[in-house]
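S.K.: First, the structure itself, so that you have it in front of you.
Throughout, read-outs are computed from the coordinates displayed, never taken from laboratory work. Keep in mind it's a predicted model, so treat the numbers as computed, not measured. For neighbour counting, all protein chains shown are included, and Cβ atoms are generated from backbone atoms with ideal geometry for every residue, glycine included.
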Amino acid sequence: MGQLRNSAFLGAALVMAGCVTASRGDGIETASLADGAVVVGGPPGYCIDPETYPRGPDRTFAMIASCRNLTGDDTGPMVEPMVVTVTVAEQTPQATLPDASALAEEVGQRMIGGIRSGGLTLTHLASGGTEVIADGDPRYWRGTFLQGQRMVGLALYAGKGSPLAGAEGAAMLRAVRDRIGALSPKG
């Protein structure tokens with residue numbers, strides 16, 4: 001899981017060219033990670049940031065944000081601004097999901113809530129959100145689930161006072177996980 005945490009922060013800072021599977025203006029609708037083992041796509045109104053999507057089949061990081069914000073096009077749907085990072089770990093046949101407190105412990109933050117349901121572990125953290133979004137809410141969400149034999153890590157960062165920094169963040173991460181599950185190869 002340390003690899004997931006480090007990749008999320010490093011990936012957000014990197015600016016790299018990306019390959020696209022389909023696009024909406026300058027935002028990518030879907031992105032293949034881990035040699036196609038995991039396919040990422042955002043819920044309606046959200047796209048993959050092409051500047052954080054590295055080139056090559058072994059890429060393991062993508063960042064999701066508002067398509068309107070990524071493209072500068074105001075014709076798309078209005079959605080709550082946020083950033084979700086998606087990081088895929090190495091293939092591990094015997095991988096098991098950590099519990100919510102283990103996710104909080106790994107990043108050294110105080111957990112203010114946790115959920116483990118339907119193959120998804122989520123932890124709501126009291127601080128650390130401003131490390132990614134300077135004027136964001138200090139609260140943020142982290143999650144993890146298995147897609148095939150790959151552990152997938154999620155982190156959601158939102159603006160100060162955003163409902164996504166609160167209880168709605170869990171529903172958003174469930175929607176991201178469900179979209180990844182629908183797009184990715186089965187088994």
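S.K.: Using modelled amide H (1.01 Å from N, peptide plane; none on Pro or chain starts), what sits under 5 Å from the amide H of MET151, excluding residues fewer than 5 places away?
M.R.: Amide H to amide H, under 5 Å and 5 or more residues apart or across chains, MET151 pairs with ALA89, THR92.
S.K.: Here is a follow-up. What does the highest-first list of 85-92, 142-149 look like by mean Cβ count within 10 Å?
M.R.: Details: 85-92: 20.1, 142-149: 21.9.
Highest to lowest by the protection proxy: 142-149, 85-92.
S.K.: Quick one: which residues, 5 or more positions from ARG139 or on another chain, have an amide H under 5 Å from its amide H? H modelled 1.01 Å from N in the peptide plane, none for Pro or chain starts.
M.R.: Here GLY129 satisfy the definition.
S.K.: When Cα extents along the principal axes in Å is calculated directly from the model, which label among [x] 73, 29, 28; [y] 39, 39, 27; [z] 76, 39, 33 fits?
M.R.: It is the value labelled [y].
S.K.: Also: Using packing as a proxy for protection, rank 42-51, 55-64 so that the peptide with the highest average count of other Cβ atoms within 10 Å comes first.
M.R.: 42-51, 55-64
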